[in-house]
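The values are calculated or read from the model by the stated rules, or taken from the named source; none is laboratory data. Because the structure is a prediction, the values reported are computed rather than measured. Don't worry about glycine lacking a Cβ; one is built from the backbone with ideal geometry, like all the others, and counts go over all protein chains shown. To get the accessible areas, we keep the full protein, side chains included, count just its heavy atoms, and leave off ligands, DNA and RNA. Shrake-Rupley method; radii C 1.70, N 1.55, O 1.52, S 1.80 Å.
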Amino acid sequence: MTSLLNPSRPPVFCPGCSHERSLHVLDRAFQDLELGAEDVVIVSDIGCSGLFDVFFRTHAFHGLHGRALTYAAGIKMARPHLKVVVTMGDGGLGIGGAHLLAACRRNMDLTLLVLNNFNFGMTGGQFSCTTPPTARVGSAFLNELEHPMDVCRVAAAAGAPFVVRRSVFSTDLKEKLREALLYPGFALVDVWGGCPGRYMKKNPLSPKDLERQVAEAGLWDGPVEENVREEFRTSYAARLGHGEPPLDWQGIEPFYEASLVEPCGVVLLGAAGERVISAGALLAETALRGGLHATQKNEYNITVMRGPSITEVLLSPRPIDFTGIEHPGVIAALAPEGVARRKDLFEAATEGTLLLRAADVAVPESRARRRDVDFKGAGIGRKDRALASLVLIGQATGIFSVEQLGQTLRQTVPEKLHPAMEEVFRKAAALEAT
Amino acid sequence: MGRILIDGNEAVVRGALYAGCRFFAGYPITPASSILSGMLEALPPAGGMVMQGEDEIASIGYCLGASMAGLKAMTATSGPGISLYSENISFAIGSEIPLMIVNVMRQGPSTGAATRGADGDVHFMRWGNSGGLPVIVLAPTSAPDCFTLTVHAFNLAERFRCPVFVVSNKEIGMTRETVDLDRLERPPVIDRAIHREGAFLPFAAQGPDGVPPFLPLGGSVPVRQTSSMHGPDGYITTDPHQIQALVERLTNKVEAHVDEFSFYDLDAQADARTLLVTYGVTARAARTAVSRLRAQGTPVSLLVLKTLWPVPERVIRRAARHADRILVVEMNLGQLVHEIRRVLCAQQVDFFGLMCGRLIRPSEIVQEVCRD
Ligand code: SF4
């Protein structure tokens, strides 16, 4: 059994520091498990507990304050056979609280040692998230106003399946660390100890005091029955290699020649739920299949089921540089929400702009050639207006035909949707004829 | 091969897969979220891993751990997430951890406008690390650029062991466009140099601009990694000579090689006295503006920078050699222009910029060029 302590870097904690005791107990637990230096990574963060990685000759990762659990998770995902041991103090625990909760919920096979000494030793003995309100520490009265956090209860509530609390002087600490290291899931060991360099100057803390305080706070012995479940990396591994990765990009060869000489910007102004963006996508796909270049961008509110829904599709016989629309070729005013959002388009419209206006939608004055469309009268519902407008756009501009639109639909849209959508096309085409 | 319709974020995902990315972690944020969902669709079926972090700090932290364990790693966010990445970016710079970071910029400051584009993070990415050491920032103008520059970014992160940004903008990341697959540039893939023989010192590099050969955490040789100031052995040092040598090497290894990764498009016109300089989505408005200007008989040259940091000074000087006036156009209130003024200190450098959530228009650029 060989020690994993680093012969070239002996510990340099203050005399009497609990961390040194924890360090040796951890090393003995490693020895019991016959771990080699290459089998273990110590992931540490900032503060005196952050010296742990240096004092071992194992793999070492010393990172930012409170973030050790995040690095550890990345390492474990990449190297599932490695024993990943995280050390942090009560300082790291506080600043990295979100990571602790995530680690407990996730149950990745990491061992976390919380070297809990109730204050920030390294920076001057300020209060931490575990400082008792009765203690005298380096943050004036502030700790009197806050309630210390019970790490073990928090961890158990967040789903940690293995939680231990011991004083650094406990006779079974090594055994508990051994169990934690062997536990196939997230194991947290809350080790209470003294910081003679700072905390204990004004807060005497004998080994007996510590044992008593731990007993009062409650011993935690390991498995938390209700949280026991499969380990994250193992569950993840079972899902790797499943499912179909997306196909390689399949280029589209045109099946017709679209009739377009100058770029044409089409804007569909609708409302949420009216399938405006899908219609824009179909328009762009139709253009692509006619040998055109196209861009599409969309605009909608963050509350996706309410408000405007707008799609801008730019069609061009040449590669497209500027993706904005300076002078719209076609504006389809399908719902008041979309019109209200894009008043600027009506100002930018010219005599060359075609304005398709749903008969029940008011639009601002503009120079565009206006055509009113009675979608309702043709039996075309709100959800189908955008789709129907594509037929009208094709007919009015001559860029593509209803048949070409239909063929694109059949190539790009799931089959079960075809009949309903083709029915909309028929109604829209009839609308044009009247 | 024909054409396809994709947006910039999809192109980033495909570029990452092509470059050998095996680990991705991110936190949802508009307009970068579709990179997270795209990676989730693509990577686990192919044996790679994707994590959704509890926050941005965790996301980049997972990536740093995975990268040090030997995987090519990527994360993606927008400006507000870059703030949260900041301290870990400093870590990746100082401790030479390869990482690809995608920043799909949105309009700031702060929460700003999530669904509006802007290019407000140009200096933030370069200077938003403690210590102020250099990073590499590549700026695509289109979906095909997103693919190609993502591959370059992975290559550079691996080669120089440093964080590399691909910085797009909502207007690129979320705009779909036709892409000609036959013309898509697919650079060869580079992997990090591995330590082969002799005793291993984790930060020992050859020469003043060298890059330490890599061994992964979890391999047969114990590896030390630390965010603290360290010597070649990976242990804390306070020796001023060692420290100065390290920070100079971290700077040189990137800055001394910028000529090898200065990506740009120069459209020079022989008799042009005005040089337009721009990048990102604004380059597209500038190209349109340039053809209009030329059509109306106004000669003008255009330099589109795709490497923003380190500043490709040689490229800028060469492009501006015959210019009387340089006009820098940016989707912000003036950021890269300060670098252009520094590089071209003897020349007239003007600026035009907007950060109002809409694209700068070709007509506005035409007007600014003619204002002279
Ligand atoms: S300051 Fe406290 S925690 Fe730090 S080494 Fe000294 S006694 Fe230990």
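Overview of values
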quantity	calculated
Qualifying positions in region A:194-234 - of a type in the set (A, V, I, L, M, F, W, C), more than 30 Å from A:R136 (Cβ to Cβ) and buried (at least 16 other Cβ atoms within 10 Å of the Cβ)	A:V224, A:F232
Residues of region A:86-108 classified as more than 16 Å from the ligand (Cβ to nearest atom) and either of a type in the set (G, A, S) or in a loop (DSSP other than H, G, I, E, B) (or both), total	7
Residue selected from region A:16-45 under the condition out of contact with any strand residue (DSSP E or B) (no Cβ under 8 Å at 6 or more places or on another chain) and more than 21 Å from A:R166 (Cα to Cα), by the criterion surrounded by the fewest Cβ atoms within 10 Å (Cβ to Cβ)	A:E34
Test for B:L275: is it under 16 Å from the mean Cα position of the chain (by Cα) and buried (at least 17 other Cβ atoms within 10 Å of the Cβ)	no
Count of region B:178-191 residues which are open to solvent by less than 60 Å² (accessible area, probe 1.4 Å) and either away from chain A (no Cβ under 14 Å) or touching a Leu at 6+ places or on another chain (Cβ under 6 Å) (or both)	2
Candidate set from region B:323-344 (those that are farther than 21 Å from B:A272 by Cβ and not in a helix (DSSP H, G or I)); member that is farthest from the chain's Cα centre (by Cα)	B:L333
Residues of region A:36-85 classified as outside any strand (DSSP E or B) and either touching a residue at least 60 places away in the same chain (Cβ under 8 Å) or closer than 30 Å to A:G197 by Cα (or both), total	26
Out of A:L387, A:L405, sole residue that is assigned by the TED database to the domain that holds A:P317, farther than 26 Å from A:T350 by Cα and in contact with a Phe, Trp or Tyr (Cβ under 8 Å, 6 or more places away or on another chain)	A:L405
Residue check for A:D374: open to solvent by 10 Å² or more (accessible area, probe 1.4 Å) and without any contact (Cβ under 8 Å) to a residue 24 or more places away in the chain	no
Members of region A:281-312 found to be in contact with a helix residue (DSSP H, G or I) (Cβ under 6 Å, 6 or more places away or on another chain) and at the interface with another protein chain (Cβ under 9 Å from one of its Cβ atoms), listed by number	A:E285, A:A294, A:Q296, A:N298
Long-range neighbours under 7 Å by Cβ, at least six apart or interchain, first residue within 14 Å of chain B (Cβ to nearest Cβ) within region A:13-32, second more than 14 Å from the ligand (Cβ to nearest atom) and open to solvent by less than 10 Å² (accessible area, probe 1.4 Å)	A:F30/A:L4; A:F30/A:V40
Evaluation of A:A237 against (1) open to solvent by less than 30 Å² (accessible area, probe 1.4 Å); (2) farther than 30 Å from A:V391 by Cα; (3) within 14 Å of another protein chain (Cβ to nearest Cβ); (4) not hydroxyl-bearing (S, T, Y) (one fails), failing number	(1)
Members of region B:192-236 that are open to solvent by less than 30 Å² (accessible area, probe 1.4 Å), of a type outside the set (G, A, S) and in a loop (DSSP other than H, G, I, E, B)	B:R192, B:P202, B:F203, B:P212, B:L215, B:P216, B:L217, B:V223
Residue match in region A:94-108 (condition: under 22 Å from B:G219 (Cβ atoms) and charged (D, E, K, R))	no
Any hit, region A:162-183, residues being touching a helix residue (DSSP H, G or I) at 6+ places or on another chain (Cβ under 7 Å), under 20 Å from A:M88 (Cα atoms), of a type in the set (S, T, Y) and within 16 Å of the ligand (Cβ to nearest atom)	yes
Elements of type strands (runs of 3 or more DSSP E) in region A:284-361, at least 3 residues being in contact with a strand residue (DSSP E or B) (Cβ under 9 Å, 6 or more places away or on another chain) and not assigned by the TED database to the domain that holds A:F375	none
Near pairs, Cβ below 7 angstrom, 6+ apart or cross-chain, from region A:119-144 (at pLDDT 95 or above) to any residue that is of a type in the set (D, E) and within 13 Å of the ligand (Cβ to nearest atom)	A:S128/A:D90; A:C129/A:D90; A:T130/A:D90
Cβ-Cβ under 9 Å pairs, at least 6 apart or on other chains, region A:177-199 side within 17 Å of A:L33 (Cα to Cα), far side within 16 Å of the ligand (Cβ to nearest atom) and part of a helix (DSSP H, G or I)	A:L177/A:S22; A:L177/A:V25; A:L177/A:L26; A:L181/A:L26
Test result for B:A32, within 8 Å of chain A (Cβ to nearest Cβ), of a type outside the set (D, E, K, R) and open to solvent by less than 10 Å² (accessible area, probe 1.4 Å)	no
Members of region A:3-40 that are among the aliphatic types (A, V, I, L, M) and either within 16 Å of the ligand (Cβ to nearest atom) or at pLDDT below 95 (or both)	A:V12, A:L23, A:V25, A:L26
Options A:G63, A:G74, A:G50; residue that is more than 7 Å from chain B (Cβ to nearest Cβ) and not acidic (D, E)	A:G50
Yes/no for B:V369 being among the β-branched types (V, I, T), part of a helix (DSSP H, G or I) and over 28 Å from B:C146 (Cα atoms)	yes
Boolean, A:S259 is assigned to a loop (DSSP other than H, G, I, E, B) and open to solvent by 10 Å² or more (accessible area, probe 1.4 Å)	yes
Residue list for region A:310-340, restricted to those being aromatic (F, W, Y) and surrounded by fewer than 22 Cβ atoms within 10 Å (Cβ to Cβ)	none
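Residue by residue, here is whether (1) open to solvent by 10 Å² or more (accessible area, probe 1.4 Å); (2) more than 7 Å from every other protein chain (Cβ to nearest Cβ) holds:
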{"site": "B:L40", "(1), (2)": "yes, yes"}
{"site": "B:P44", "(1), (2)": "yes, no"}
{"site": "B:E56", "(1), (2)": "yes, yes"}
{"site": "B:G61", "(1), (2)": "no, no"}
{"site": "B:K72", "(1), (2)": "yes, yes"}
{"site": "B:S78", "(1), (2)": "no, yes"}
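Here is a yes/no grid of residues against (1) assigned to a loop (DSSP other than H, G, I, E, B); (2) within 27 Å of A:P15 (Cα to Cα); (3) open to solvent by less than 10 Å² (accessible area, probe 1.4 Å); (4) within 16 Å of the ligand (Cβ to nearest atom):
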site	(1), (2), (3), (4)
A:L113	no, yes, yes, yes
A:G124	yes, yes, no, yes
A:T131	yes, yes, yes, yes
A:T134	yes, yes, no, no
A:V137	yes, yes, no, yes
A:A140	yes, yes, no, no
A:H147	yes, no, no, no
A:C152	no, no, yes, no
A:A155	no, no, yes, no
